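Participant: Below you'll find the structure I mean.
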Amino acid sequence: MEDEYENLVVDFPEPEIARITLDRPERLNAMTYGLVTDLHQALDQIDGDHSVRVLILTGAGRGFCAGLDLTGFGRIPGTEDFGEQQQGMAVQQHIAELVHRMRDVRQPIIAGVNGAAAGGGFALACASDVRYCGTSAKFGTAFVRLGISGCDIGVSWMLPRLIGASRAGELMLTGRVIDAEEANRIGLVTNVVPDDELQDKCLSVAREISRNSPFGVWMTKEVMWSNLEIPSLRAGIDLENRTQILAAGTEDSKTAMSSFLGKGEPIWENR
């Protein structure tokens, strides 16, 4: 089963695994209104498909996503009569909302970063739950080099939590581009693999995640993200405690306990 979009491809390379491939390779998959809208719709589609356990996000051709298409993003429908700043805010919010949508999707998102991940593309990588990259990958916040703030599309919130405030500050203030090796060294990605092995690596990790219960994976993603925002250890543990008791009461959890004791593999029913 495959679904048709103008600016991306949604396919299902294996049972329970979906993949979104940004598909404007001639522009290094740079963001336009059409691409961002397609991505919103594809995320909605996958979130609503409960047979999908894991989502892989990658780019066609030589790049993951080069950020905003500087030849023209397009206008948000209904804002044609707005002033310039008002139109700009509508565009900004349309793009930035992708970060919230990626967080809210129940399935874990694995970014397979090939080539350039700059600006908005860098934000998409940061907003994913797991990141792997090929040796060709290059990462840059880019915004500050365009005469605007280095804080954009959630990067100033996500990046310090991924690599620490000191390193994040240096990257955002300089707009410096880093290669795959440095991205791995500072913990931005989990690992670097040869470009021709990137998709296989992402699929391997997706399979490993899908062996766990649907509800357990969903709750793990939700609580991990929530605890990045919670101000105290006490509040974080309180959330964990409630989630564990909730999950332990599911039929899948009881099945898993029995299977573990019997040295068998559980069959997940998402009940």
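The values are calculated or read from the model by the stated rules, or taken from the named source; none is laboratory data. Note that the structure is a prediction, hence the values are computed from the model and not measured. Positions of Cβ are generated from backbone atoms using ideal geometry, with glycine treated the same way; all protein chains shown enter the neighbour counts.
Participant: Please enumerate the residues belonging to the range 42-77 that are more than 21 Å from Gly88 (Cα to Cα) and part of a loop (DSSP other than H, G, I, E, B).
Facilitator: Gly48, Asp49, His50, Ser51, Val52, Arg53, Ala60, Gly61, Arg62 - these are the residues of the range 42-77 that are more than 21 Å from Gly88 (Cα to Cα) and part of a loop (DSSP other than H, G, I, E, B).
Participant: Can you name the condition, by its number, that Val193 falls short on among (1) of a type in the set (A, V, I, L, M, F, W, C); (2) touching a Lys or Arg at 6+ places or on another chain (Cβ under 8 Å); (3) over 22 Å from Leu57 (Cβ atoms)?
Facilitator: Failed condition: (3).
Participant: Follow-up. If I filter the range 127-134 for residues that are free of Cβ contacts under 8 Å to residues at least 40 places away in the same chain and under 16 Å from the mean Cα position of the chain (by Cα), do I get at least one hit?
Facilitator: Within the range 127-134 (the criterion being free of Cβ contacts under 8 Å to residues at least 40 places away in the same chain and under 16 Å from the mean Cα position of the chain (by Cα)), the answer is yes, since at least one residue qualifies.
Participant: Which of the residues that make up the range 138-174 are farther than 26 Å from Trp225 by Cβ, surrounded by 15 or more Cβ atoms within 10 Å (Cβ to Cβ) and at pLDDT below 95?
Facilitator: Val144, Arg145
Participant: Still on this structure, please answer the following. Within the range 191-202, identify whether any single residue is among the β-branched types (Val, Ile, Thr), modelled with pLDDT of 95 or more and part of a strand (DSSP E or B), and answer yes or no.
Facilitator: Looking for residues that are among the β-branched types (Val, Ile, Thr), modelled with pLDDT of 95 or more and part of a strand (DSSP E or B), one finds at least one in the range 191-202, hence yes.
Participant: Given the residues Leu98, Leu39, which is the only one that is closer than 18 Å to Ala127 by Cβ, touching a His at 6+ places or on another chain (Cβ under 8 Å) and outside any strand (DSSP E or B)?
Facilitator: Testing whether each residue is closer than 18 Å to Ala127 by Cβ, touching a His at 6+ places or on another chain (Cβ under 8 Å) and outside any strand (DSSP E or B) leaves just Leu98.
Participant: Another one. From Glu80, Glu84, Glu97, grab the single residue that is exposed (fewer than 15 other Cβ atoms within 10 Å of the Cβ) and within 15 Å of the chain's Cα centre (by Cα).
Facilitator: Only one candidate passes the filter, namely Glu97.
Participant: Further question: Provide a single number: the residues in the range 226-239 that are exposed (fewer than 14 other Cβ atoms within 10 Å of the Cβ) and either outside any loop (DSSP other than H, G, I, E, B) or in contact with a Cys (Cβ under 9 Å, 6 or more places away or on another chain) (or both).
Facilitator: So the count comes out to 5.
Participant: Additional query: Among Thr71, Thr141, which is the only one that is within 18 Å of Glu182 (Cα to Cα), out of contact with any strand residue (DSSP E or B) (no Cβ under 7 Å at 6 or more places or on another chain) and among the hydroxyl-bearing types (Ser, Thr, Tyr)?
Facilitator: Matching residue, one of Thr71, Thr141: Thr141.
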